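Bear in mind these aren't lab numbers, they're just calculated from the coordinates by the rules spelled out. What you are looking at is a predicted structure, and each value in this text was computed from that prediction instead of being measured. All Cβ positions, glycine included, derive from the backbone under ideal geometry; neighbour counts span all protein chains shown.
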Amino acid sequence: MKNTYVIAEIGINHNGDIGIAKKLIDIASLSGCDAVKFQKRNPDICVPEEQKSIMRETPWGRMTYLDYKHKVEFGKDEYDEIDRYCLARGIAWSASPWDIESLKFLTQYNPPFLKIASAMLTNDELLEQSVATGKRVILSTGMSTVDEIDHAVSILRDAKLRYSNPNQLALMHCNSSYPAPLNELNLKCIQVLAERYPDFEVGYSGHEFRLGTTVSAVFLGASIIERHITLDRTMWGSDHMASLEPQGLIKLVKGIRELEESYGNGLIEVTDSEVPVRAKLRGS
């Protein structure tokens with residue numbers, strides 16, 4: 001079994017604080033994750049018009065939903081610092097662009113991949129332009145029908161040929177509930193995606209409370225794993241409750257690496273450690 005690529009999704013769990021972002025990067029690096037991931041959007045474009053003026057209570061006082069989304073959005077100064085800090089910590093970073101402007105913003109850096117959120121699976125232009133960057137593109141499939149996934153895959157395939165993108169595309173099985181109920185995880189879909197789209201790498205983006213289910217996803221064939229992380233699940237914000245705290249992330253990555261080491265090749269044979277035991281108990 002090859003090494004699983006583990007992405008620690010910071011998303012917006014930094015709550016607009018670069019200090020919190022750095023602490024989460026430290027945790028991901030210490031845990032042995034391969035990358036951290038943020039979310040990048042232009043709130044003026046991404047927030048629906050009917051929601052922009054809705055008032056919301058926040059840690060910074062009462063403000064409109066649009067003002068809140070701007071409050072937690074990192075700009076160039078923060079991403080310059082993230083880029084520098086991740087390099088120093090020896091961990092890769094990327095972000096999920098939610099609009100074309102944000103995609104162009106991210107291309108000024110050198111992320112090893114671009115992750116498209118489930119919410120953007122039906123955004124044909126964003127899918128195509130992401131592939132056009134020449135980067136590896138990973139797409140989550142939460143809250144989507146088979147027809148919608150088929151269509152997104154066709155967009156990605158066509159763009160890969162048109163722009164001669166050399167990187168393998170990837171799909172992530174996902175349940176978009178926060179947190180996701182165990183009886184709705186449907187992990188068998190990992191194998192279904194692999195069979196239906198054999199030219200795509202397949203991974204798993206989990207929003208459940210448990211760790212064992214995510215490790216099981218690796219056993220079922222997921223070669224990319226993504227989980228949200230937080231300093232504390234009780235922190236203010238929409239994604240913290242469905243995120244892993246530091247100890248949980250450490251245990252998860254350890255569990256994945258232990259599975260990789262123990263998976264084996266499927267050949268039934270006497271192992272090296274069994275040879276002296278066999279000689280003692282059987283005499284040969």
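Out of every Cα pair in the chain, what percent are spaced more than 30 Å from each other? Distances greater than 30 Å cover 33 percent of the Cα pairs. Placing +1 on the Cβ of every Lys and Arg and -1 on the Cβ of every Asp and Glu, with nothing else charged, gives the chain a dipole about its Cα centre of roughly 740 debye. Counting neighbouring beta carbons within 10 Å and listing from fewest to most, the residues Cys189, Cys33 come out as Cys189, Cys33. When Ser238, Ser96, Ser118, Ser130 are arranged by Cβ crowding within 10 Å, least crowded first, meaning fewest neighbours, the order is Ser238, Ser118, Ser96, Ser130. Longest segment of the chain with no trypsin sites (Lys or Arg not before Pro) in a DSSP loop having at most 12 other Cβ atoms within 10 Å? Longest site-free region, per DSSP loop and neighbour criteria: 3-187.
A cut-off under 13 angstrom between Cβ atoms defines the neighbours of Ile54, and their net charge, with Lys, Arg +1 and Asp, Glu -1, is 0. Sort out the exposed loop chymotrypsin sites (Phe, Trp or Tyr not before Pro) in the chain (DSSP loop, at most 16 other Cβ within 10 Å) and tell me the longest stretch that has none. Answer - 1-59. Cross-link partners for Lys2 among the aspartates and glutamates, with Cα-Cα distance under 13 Å and sequence neighbours closer than 8 places in the same chain left out: Glu201, Glu258, Glu260, Glu261. Summed over qualifying helices (DSSP H, 4 residues or more, each -39500 (n - 2.57)) and divided by its residue number, the chain shows a 222 nm mean residue ellipticity of -12000 deg cm²/dmol.
Let me check I have the definition right: for segment 11-82, take the eigenvalues of the Cα gyration tensor, multiply each by 5, take square roots. What are those semi-axes in whole Å, largest first?
Taking √(5λ) for each Cα gyration eigenvalue gives 27, 13, 10 Å.
By the rule of a C-alpha distance below 21 Å, with chain neighbours fewer than 8 residues away ignored, the lysines paired with Lys69 are Lys22, Lys37, Lys40, Lys52, Lys104, Lys115. In whole angstrom, note down how far apart the Cα centers of segment 203-268 and segment 74-123 are. Taking the Cα centre of each part, segment 203-268 and segment 74-123 sit 22 Å apart.
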